[in-house]
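Worksheet: one structure, shown below.
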Amino acid sequence: MWSHVFFSAPHRVFFAGGLIQVLLALGFWCLELAVRLGGASLPWSLPATWLHGGMMLYGLFTWFILGFLTTALPKWMNHGPLVQAEYLPPFLLLALGALVWDLGLLWPRLILPGTLLSALGLLLAAGVLLRVTLRGEGGREHALLVLVTLVAGAIGLVLHGLAVQGLDVRLQAAAVVLGVWCFLLPLFFIVLHRMLPFFVASTLPGTQAWRPLALLYLMLACLLGHGLLQLAGWNTAAADLPAFLVACVCLVRWGFRRSLGVPMLAMLHWGWAWACLALGLQAMQSLLQLGGMSWGGLAPLHALGLGFFLSVLMGMGTRVTRGHSGRPIAEDAWGWRCFLVLQGAVVLRLLGEFLPLGGLVNFLAVLVASTAFLLWAAIHGPMYYRARPDGQPG
């Protein structure tokens with residue numbers, strides 16, 4: 001069984017699992033919003049928004065994160081590729097956890113054991129990557145920082161499971177804060193800080209890789225600061241403003257305008273542009289709150305989740321999937337088309353926060369996003385269980 005080509009590389013198994021989870025998470029929310037439009041509600045035993053938040057923050061991104069890190073981090077450290085004994089146990093734990101967790105939609109008591117199994121899988125993978133980091137050569141800063149965010153993600157997973165088990169509003173709020181500001185947003189920024197300047201320098205002539213570590217630490221301090229302030233119930237403007245400024249500096253210095261003509265670069269740069277917008281909206285929202293005004297609703301959160309996280313996921317997923325399946329990255333036309341469809345979904349979701357018919361617009365946004373990933377899965381999904389056309393291993 002384990003000799004099948006599907007199990008021959010870590011990105012194959014983790015990305016395949018992630019595709020199932022992203023389609024399930026988007027399909028679940030699409031169904032929920034469709035029923036709401038009809039004036040009804042589905043008979044969930046738990047708040048649908050809690051289920052939606054847990055699935056989006058932890059249920060799908062963890063798969064793609066581990067698929068990327070188990071492939072890329074050994075290369076960062078000049079280490080050989082992982083062997084099956086290193087990446088299959090975390091995969092199997094994550095798969096079992098996902099199965100139990102997904103069944104928890106029908107039997108809510110299964111969500112806690114599902115999240116615990118998933119957290120164990122995440123921590124086991126982090127342990128494997130830690131050994132690779134310590135044995136490897138070269139700078140370890142990015143690798144070690146990423147591993148810290150994985151631990152934060154495991155803690156957030158457990159908090160979400162406990163919150164659902166006890167219907168604890170405070171624990172669920174803490175799980176969301178940890179998931180966004182201590183897990184996903186720092187991790188995505190660390191990876192982009194490490195990889196995007198390298199991609200730009202290797203693709204655009206005359207461009208040097210710009211990734212000062214001081215800027216990385218400043219941004220991480222801002223993101224962690226936001227998380228701590230929000231957990232304490234305090235205003236987050238002091239962290240949001242500098243985070244927005246750092247994000248804008250990176251957007252310019254990473255060559256946003258020059259990269260738009262190269263689809264594989266443009267996908268990652270557009271993703272980071274959504275992060276800039278999200279941090280700007282968050283800063284504006286927190287400043288207005290100082291004056292007693294409420295504005296923007298969930299626009300900053302969805303600019304991050306749907307705009308930044310899912311855009312970078314699709315962009316990096318396309319690059320890794322094609323590059324490690326022996327197919328030329330630059331020849332992928334469908335990845336770019338699916339990405340453009342996804343951008344339409346982001347625009348719709350942000351408009352839905354301000355338009356009178358917000359419920360309908362939000363449903364259309366999720367429907368469009370689901371379509372984008374269905375198309376992406378139809379093109380790229382088969383690459384995970386088929387042998388490389390160039391005959392190479394992996």
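Of all residues in the stretch 1-55, those being part of a loop (DSSP other than H, G, I, E, B) and closer than 25 Å to ALA163 by Cα number 7. Residues of the stretch 184-239 that are modelled with pLDDT of 95 or more, among the polar types (S, T, N, Q) and in a helix (DSSP H, G or I): GLN230 alone. Scanning the stretch 292-311 for residues that are of a type outside the set (Phe, Trp, Tyr) and under 19 Å from GLN343 (Cα atoms) yields LEU298, ALA299, PRO300, LEU301, HIS302, ALA303, LEU304, GLY305, LEU306, GLY307, LEU310, SER311. Checking LEU281, LEU268, LEU218 one by one, the residue that is farther than 28 Å from THR49 by Cα, buried (at least 21 other Cβ atoms within 10 Å of the Cβ) and hydrophobic (A, V, I, L, M, F, W, C) is LEU268 and no other. Scanning the stretch 310-360 for residues that are free of Cβ contacts under 8 Å to residues at least 12 places away in the same chain, surrounded by 14 or more Cβ atoms within 10 Å (Cβ to Cβ) and acidic (Asp, Glu) yields a count of 0. Check whether at least one residue in the stretch 72-93 is without any contact (Cβ under 8 Å) to a residue 12 or more places away in the chain, in a loop (DSSP other than H, G, I, E, B) and under 25 Å from LEU150 (Cβ atoms), and report yes or no. Scanning the stretch 72-93, I find at least one residue that is without any contact (Cβ under 8 Å) to a residue 12 or more places away in the chain, in a loop (DSSP other than H, G, I, E, B) and under 25 Å from LEU150 (Cβ atoms), so the answer is yes.
Within the stretch 110-122, the presence of at least one residue that is free of Cβ contacts under 8 Å to residues at least 12 places away in the same chain, surrounded by 14 or more Cβ atoms within 10 Å (Cβ to Cβ), part of a helix (DSSP H, G or I) and not aromatic (Phe, Trp, Tyr) is confirmed.
Checking each residue in the stretch 340-359 for being modelled with pLDDT of 95 or more and out of contact with any His (no Cβ under 9 Å at 6 or more places or on another chain) picks out LEU340, VAL341, LEU342, GLN343, GLY344, ALA345, VAL347, LEU348, LEU351. Of the residues making up the stretch 236-258, those that are in contact with a helix residue (DSSP H, G or I) (Cβ under 6 Å, 6 or more places away or on another chain), closer than 24 Å to PRO328 by Cα and surrounded by fewer than 23 Cβ atoms within 10 Å (Cβ to Cβ) are GLY255, PHE256.
Say whether the condition of being within 21 Å of LEU178 (Cα to Cα) and either modelled with pLDDT of 95 or more or within 21 Å of the chain's Cα centre (by Cα) (or both) is met by at least one residue in the stretch 81-88. Among the residues of the stretch 81-88, not one is within 21 Å of LEU178 (Cα to Cα) and either modelled with pLDDT of 95 or more or within 21 Å of the chain's Cα centre (by Cα) (or both), which makes the answer no. Within the stretch 272-296, residues that are at positive phi have Cβ atoms under 6 Å from residues that are modelled with pLDDT of 95 or more in these pairs: GLY296/LEU281; GLY296/GLN285, counting only partners at least 6 apart in sequence or on another chain. Take the stretch 203-256 and flag every residue that is within 23 Å of the chain's Cα centre (by Cα) and under 23 Å from ARG170 (Cβ atoms). LEU223, LEU224, GLY225, HIS226, GLY227, LEU228, LEU229, GLN230, LEU231, THR236, ALA239, ASP240, listed by residue number.
The values are calculated or read from the model by the stated rules, or taken from the named source; none is laboratory data. Since the structure is predicted, the reported quantities are computational estimates derived from the model, not experimental observations. Virtual Cβ from ideal backbone geometry, glycine too; neighbours counted across all protein chains shown.
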